[in-house]
1. List pairs: first residue in the range 139-165 and touching a residue at least 40 places away in the same chain (Cβ under 8 Å), second residue aliphatic (A, V, I, L, M) and not in a helix (DSSP H, G or I) anywhere in the structure, Cβ distance under 8 angstrom, at least six positions apart or on different chains.
2. Being farther than 16 Å from Q105 by Cβ and in a loop (DSSP other than H, G, I, E, B) is the filter; apply it to the range 48-76 and report the residue that is nearest to the chain's Cα centre (by Cα).
3. Within 21 Å of L50 (Cα to Cα) and either over 16 Å from the mean Cα position of the chain (by Cα) or surrounded by 15 or more Cβ atoms within 10 Å (Cβ to Cβ) (or both): is that true of M133 in this structure?
4. Yes or no: the range 78-100 includes at least one residue that is open to solvent by less than 90 Å² (accessible area, probe 1.4 Å), out of contact with any strand residue (DSSP E or B) (no Cβ under 9 Å at 6 or more places or on another chain), farther than 28 Å from V142 by Cβ and in contact (Cβ under 8 Å) with a residue 40 or more places away in the chain.
5. For the range 107-130, what are the residues that are open to solvent by less than 50 Å² (accessible area, probe 1.4 Å) and either at positive phi or touching a helix residue (DSSP H, G or I) at 6+ places or on another chain (Cβ under 7 Å) (or both)?
Amino acid sequence: MIKFLKNSIGFLLVVFFGFFILTILYSEETKQPAFYPSDAFENVKKYEPLISKELAEYQLEEYTPLVLALMQQESKGVGGDPMQASESAGLPRNTIEDPAKSIEQGVKYFQKSLQYGKERNVDELTVVQAYNMGTGYIDFIVKNGGKHSEDLAKEFSMIQVKKQPDIYNCGGDKGNFRYPYCYGDFTYSTKVQKNMNSLTETASAKKNDQM
């Protein structure tokens, strides 16, 4: 009986000790290390001096953060045409392969849209949306109250889709969030606005860290 009890106690101690070791190992494995997310705007920020320089040609340097937000939405600063400006120059998509040329053309088109938007007395979000949908969107908004909304962007998109349904069909993917509004992205200006807010937040955070 005594031998049995000793064996039982020994077995229980082994089990307890094993459980204790496993608990420690599991805790070490699941312990979360300090995590500092990478800057989502790292790629576009490297183009900030060049964007500012191009905007200065039109005395529009104050729009540098907005153009950075545009680039973030277009390409996240990746590729030879980070402003996705080839089509605005009348070229096939991604024809431009030099980021400097892309920024030059992208800023030129932005300035054109901005100037036209001011002449037509529309809001800034309309100008931003026009970077995606073309300056015809500005004319459309003028006829519909002068202020951008996603519903109006959808309406304009559908007009263009009906003109060329074989081209603007989201590749036949009905699961695409844009479908059936497959001309442009009706959420474009909203996304750019969010990029602007994020840029402002990261800039403020960096300033606070430095202080």
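1. Every condition considered, the pairs that remain are H148/V122.
2. K76
3. No; evaluated as a whole, the condition is false for this residue.
4. Yes - at least one qualifying residue is present in the range 78-100.
5. Those that are open to solvent by less than 50 Å² (accessible area, probe 1.4 Å) and either at positive phi or touching a helix residue (DSSP H, G or I) at 6+ places or on another chain (Cβ under 7 Å) (or both): V107, Y109, F110, S113, L114, G117, V122, T126, V127, V128, Q129, A130.
The values are calculated or read from the model by the stated rules, or taken from the named source; none is laboratory data. Treat the numbers as computed from the prediction; the structure is a model and nothing was measured. As a convention, Cβ positions derive from the backbone with ideal geometry for all residues, glycine included, and neighbour counts pool all protein chains shown. Just the protein is used for accessible areas: all its heavy atoms, side chains included, with ligands, DNA and RNA removed. Shrake-Rupley method; radii C 1.70, N 1.55, O 1.52, S 1.80 Å.
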